[in-house]
Every structure is written in structure tokens, then in C-alpha cells.
1. Hey, can you tell me all the residues within segment 77-106 that are assigned to a helix (DSSP H, G or I) and surrounded by fewer than 20 Cβ atoms within 10 Å (Cβ to Cβ)?
2. In this structure, does Leu111 turn out to be in contact with an Asp or Glu (Cβ under 9 Å, 6 or more places away or on another chain) and of a type in the set (A, V, I, L, M)?
3. How many residues, within segment 9-32, are in contact with a helix residue (DSSP H, G or I) (Cβ under 7 Å, 6 or more places away or on another chain) and outside any helix (DSSP H, G or I)?
4. I'm trying to understand the selection: among the residues of segment 152-173, which are assigned to a loop (DSSP other than H, G, I, E, B), surrounded by 14 or more Cβ atoms within 10 Å (Cβ to Cβ) and away from the ligand (no atom under 11 Å from the Cβ)?
5. For segment 212-266, how many residues are free of Cβ contacts under 8 Å to residues at least 40 places away in the same chain, in a helix (DSSP H, G or I) and more than 19 Å from Pro120 (Cα to Cα)?
6. Would you check which residues across segment 65-89 are β-branched (Val, Ile, Thr), away from the ligand (no atom under 16 Å from the Cβ), under 19 Å from Leu129 (Cα atoms) and without any contact (Cβ under 8 Å) to a residue 40 or more places away in the chain and list them?
7. Looking only at segment 90-144, filter to residues that are basic (Lys, Arg), touching a helix residue (DSSP H, G or I) at 6+ places or on another chain (Cβ under 9 Å) and farther than 13 Å from Gly32 by Cβ; which one of those is nearest to the ligand (Cβ to nearest atom)?
8. Which of (1) within 23 Å of Val211 (Cα to Cα); (2) assigned to a helix (DSSP H, G or I); (3) more than 16 Å from the chain's Cα centre (by Cα) is the odd one out, the single condition Ala127 does not satisfy?
Amino acid sequence: MKSDLRELELVSAATVKEACERLDAGYRPLAGGTDVMVLLSAGKLASRRWVDLWALDELRGIEIRDDAIVLGALTTYTDVRRHPVASVELPMLAQAARETGGVAIQNRGTLGGNIANASPAADSPPALLAYDAEVDLVSSRGSRRVPYAGFHTGYKQTVAAPGELVARIIVPRADRTSFYRKVGPRRAQAISKVCFAGCATRSAAGIVTAVRVALGGVAPVPLRVPAVEQAILAGEPFARVAQALDGAIAPIDDVRSTSRYRRRVAANLLGEFLALTGHHVGLAS
Ligand SMILES: Cc1cc2nc3c(=O)[nH]c(=O)nc-3n(C[C@H](O)[C@H](O)[C@H](O)COP(=O)(O)OP(=O)(O)OC[C@H]3O[C@@H](n4cnc5c(N)ncnc54)[C@H](O)[C@@H]3O)c2cc1C
């Protein structure tokens, strides 16, 4: 049954401290509202009390540091697309931003909301996992930094405790080769069937010295796959690397796709990534 939106209480926080106090009092955070409003309108969210984060400039902006690009939780997809450094140095995230929703969603949807919403099919998480990002959480008890690799703990579950806000996402700067691909039913306004992000760092001699691979749409959480990374670094042939991937993912049959299709697409995207890194690639059987 649809909710009556007039029954909601929405307060705007002027400071992060005030927002955290509201959370402690039982309010839930609202950023761009692009996930929340859909669920509220459909009657799928019980909470009636919401604290609007939109005015919190402390959570906004992209900061370029020597070693990292720091994205405030309220960074929108449009902010990423338009930023002269982030859009160039973080091509996987920029591509995720370009392929998320349409222009209206990109203007309003935030990175903090995307990861806090914790959909396994969301588009920025694989990129952030492959970049080995970290997340700053803030609450009335203080702040803490957590590796994004451990952020998603189960379907729609995160390490954020009640009362904690995502404050910023920290992405290390590095020279890396990267590959990002979202596969959906069409090229715009589509939820991913499978999303793949991979990046590799090479030595001066061209040897791959570090690699990270992450996928969306193939497990209850956005998933980084260490078994695949180890197989690549060990120089295993493609069949072995693909086998490691197949063993690590658990895609389901649902309205958007079948498990079999998702497994095949994931293996194909892995092949494309490996070809880019110079890894020997055989044909998937
Ligand atoms: C038409 C449409 C198309 C879409 N297309 C895509 C797509 O292609 N790819 C994709 O990944 N997503 C897509 N989405 C989903 C959505 O737009 C994104 O997940 C967006 O990034 C959510 O950000 P938001 O700021 O709007 O979050 P909100 O809706 O405000 O919040 C989402 C959740 O996160 C929590 N939250 C928000 N900010 C914080 C914070 N700072 N700290 C802690 N918790 C927080 C909220 O309480 C809520 O639970 C689409 C949505 C719509 C309606």
C-alpha cells in the first residue's frame, strides 16, 4: 500500500552534530532521496522521521590530496562527472556516474546514499572496491575510518552502526590500468544485471604487481574477489582465473536476469579485463 507522504516528519540539519543527534533520537538520514522517496512512496519504509542532510556542506565537495581523492558523502554523480581531476583519475567511478539513472538522478543521487543503501546491484560500489577505497563514518560518539572492502556485511547490511553517517569516501591516487563495465538491459536508466570493475598496477617492466577485481549483481553484496586477484597474480591461465571467479560468486535468478547469464557475463568481462592487463586470455567455454 502506498504511504501518505504528508504523514512524514522531515527536519533539515544545519550541522553534522545536529544530524547525529537526530539519528540518536531515531530519525533516519535522507540525502538525495532518490532511493528513499521511491521506497517511502511504495510504503516499503516504516520510518516516519527523517533528517535531511542536503544542507550539510561539511559532507559535500571533492578534495584532492597528494595521496587520495576525498569525496564527501553528498557528492552527486554530476559532481563526479564534472570534476576535472576526479573524472580523469577515477575513470571507473566517472563511468559509473555517467551510467547511473538519468540526468535528474545524477544531479540528486549521492555516493554516500548509494553505498549506504547497499544494493548489491548498485553501480559505484564495484568501482570503489576496485579502487580500495575507505569510508569515514561519523556519529555523536566520534568518527572512524573503515576499509570499504569490509563495508557491506550482508544483503542491504553495512558495518555502519545505528547513529552513524557516511561522511566521506577516500580513494587512493595511483597510476593504474582500469576496466569498468555495467551490463544492463539497455544503456541508460537501467539496473545492472552484472557490473564489473577491475584495476591493475604494473612495475616499470610491465609486470602486474597488484590487482583488484570487484563485481555487482552476482552476490548478496557488492563483491571483491580475492581468489580471482590471487589467480591473476600467480599467472594462472584464464580458465583457472575464470574458475576462481565462478566459485566466488553466487548470482541468483530474478526478474532482471538468470544466474547462468550472470555467470557467463561475469566471465566474459573478466576476460576483457585480463586482455587489457596483458594477461594471456583463452576463450571461455
Ligand atoms: C529512476 C532511478 C534510477 C536509478 N538508477 C540507478 C543506477 O543506474 N545505478 C545505481 O547504482 N542506482 C540507481 N538508482 C538508485 C539511487 O539513485 C542511488 O542509489 C543514489 O546514489 C542514492 O543516493 P541518494 O542520495 O538519493 O540516497 P537517499 O535516497 O537519500 O538514501 C539512500 C539510503 O542511504 C541512507 N543514507 C543516505 N545518505 C547517507 C549518509 N551520508 N550516511 C548514512 N546513510 C545515508 C538513507 O537513509 C537511505 O537508507 C536509481 C534510482 C532511481 C529512482
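1. Here is the first cut: in segment 77-106, the residues assigned to a helix (DSSP H, G or I) are 77-82, 86-89, 91-98, 103-106.
Result: Thr78, Arg81, Arg82, Ser87, Val88, Glu89, Pro91, Arg98, Val103, Ala104, Ile105.
2. yes
3. Looking only at that region, the number is 6.
4. Listed by number, the residues that qualify are Val159, Arg173.
5. 9
6. Within segment 65-89, the first condition is being β-branched (Val, Ile, Thr), and the residues that meet it are 69-70, 75-76, 78, 80, 85, 88.
After this cut, where a residue has to be away from the ligand (no atom under 16 Å from the Cβ) as well, the list is 69, 85, 88.
This time we only want the ones that are under 19 Å from Leu129 (Cα atoms), so: 69, 88.
If the condition is that a residue be β-branched (Val, Ile, Thr), away from the ligand (no atom under 16 Å from the Cβ), under 19 Å from Leu129 (Cα atoms) and without any contact (Cβ under 8 Å) to a residue 40 or more places away in the chain, then Val88 is the only one that fits.
7. First, pick out the residues of segment 90-144 that are basic (Lys, Arg): 98, 108, 141, 144.
Filter once more, keeping what is touching a helix residue (DSSP H, G or I) at 6+ places or on another chain (Cβ under 9 Å): 98, 108, 141.
Filter once more, keeping what is farther than 13 Å from Gly32 by Cβ: 98, 141.
Working: Arg98: 10, Arg141: 15 Å.
Selected residue: Arg98.
8. With respect to (1) within 23 Å of Val211 (Cα to Cα); (2) assigned to a helix (DSSP H, G or I); (3) more than 16 Å from the chain's Cα centre (by Cα), Ala127 is out only on (3).
Taken together, the values in this text are just the output of simple stated rules run on the coordinates, not laboratory data. This one's a predicted model, so the numbers in the text were calculated from it and none came from an experiment. Positions of Cβ are generated from backbone atoms using ideal geometry, with glycine treated the same way; all protein chains shown enter the neighbour counts.
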